[in-house]
Amino acid sequence: MQHVMIDGFRGFRSRFDQLQLIQEILEEVPTQLGLQPTMPAFLLPYYNGVVPEDCGVSAFVFLAGGHFTLHTFSFREVYFADMATSAFYDHRRLQSLMEAALPCEMTTVSRVTRAPGALRDVESDEASDFGPHLLLDLDEYQGPRTLDDLFDLFDRLPAAIGMTPIMRPYVVRNTTADGPVTSAMTMIAESHISLHVFEATRRAYFDLFSCRFFDRQQVVKRIQAELGGGPMREGLVARGSKYRLLRTEREMELTRSKRWLHALKADARPE
């Protein structure tokens, strides 16, 4: 499983709120990478957040054995994209496609190979980063397997770990070169929660991306109890590294939008 995370800062607010553009990104990017979507793109405009500045669009599409998610925060002028799949793709091509579709002043890329000994573990800095992205890889998976049981789990899991659900879960089953895979996804106000269970190898990949910091030890303990025993590898990636030092404040945005007025006043001054 290859998991690529792309974070864009100081982009165009108009693009981050453009639903047609976001749908095209979800539909076209996987295809251009040679990946196979297994559902239509799902988009959820979100303008009544727990935190008012969190308005934007959350979107995802399941791939055969993985997912592609995109979260835009138009007020904050940032976006976060995740491509996680067991199929091979060119991560540099993914970066170039995202930079063309959503140009930003700064783009950062993190690439994680979901394999034994490969998970990185870097604690987020609450004073400067956007939020933590928790990765859990399970061998000998013993958790829920049926579509109904996974739906029930993802329906109650967000609240159980202190997150805010903004949709009912999606659960699908598809087939890859590695055999049948069951995938679950739910969007939360804080970002998303996903799980991919590879039935032939009994290996599962879970991830939780949150723009709100949480008690990692307690959250991992609860998730592990829900997903069953067996060896588990744990990692964490800091998303939006140094975001709070780079973010554009509202005052700066208003100043930019009124530059024409300042110029007009300057022209009107008597000589």
Isotropic mean projected area of the C-alpha convex hull, the chain (nm²): 15.4 nm²
C-alpha long axis of helix 19-32 to longest principal axis of the chain, angle in °: 50 degrees
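Hey, what D do you get for the stretch 64-195 in µm²/s if you plug the Kirkwood alpha-carbon radius into Stokes-Einstein at 37 °C and 0.692 mPa s? Walk me through the numbers on the way to the answer.
Numbers: Rh = 16.9 Å.
For these conditions, the coefficient is 195 µm²/s.
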DSSP loop chymotrypsin sites (Phe, Trp or Tyr not before Pro) with at most 15 other Cβ within 10 Å excluded, longest remaining stretch of the chain: 89-212
For the stretch 16-66, radius of gyration divided by Kirkwood radius, i.e. Rg to Rh on alpha-carbons: 1.06
The stretch 2-256 - charge dipole about Cα centre, Lys and Arg +1 at Cβ, Asp and Glu -1, debye rounded to 20: 180 debye
Counted charge near Val181, where neighbours are those whose Cβ lies closer than 14 Å (Asp, Glu -1; Lys, Arg +1): +3
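Tell me the mean residue ellipticity at 222 nm calculated for the chain from its helices only (DSSP H runs of n ≥ 4, each -39500 (n - 2.57), averaged over every residue, nearest 500). Don't skip to the answer; put the middle values down first.
Values: 8 runs with 77 residues, N = 271.
The helix-only estimate for the chain comes to -8000 deg cm²/dmol at 222 nm.
What FRET efficiency would be calculated for the residue pair Thr113, Asn174, taking the C-beta separation as r and a Förster radius of 25 Å, to the nearest 0.05?
On the way: r = 22 Å, r/R0 = 0.88.
FRET efficiency, Thr113 to Asn174: 0.70.
Each reported figure results from applying straightforward, stated rules to the coordinates on display, with no laboratory input. On a predicted model such as this, the values are computed, not experimentally measured, just so you know. No Cβ is skipped: glycine too gets one built from the backbone with ideal geometry, and neighbour counts run over all protein chains shown.
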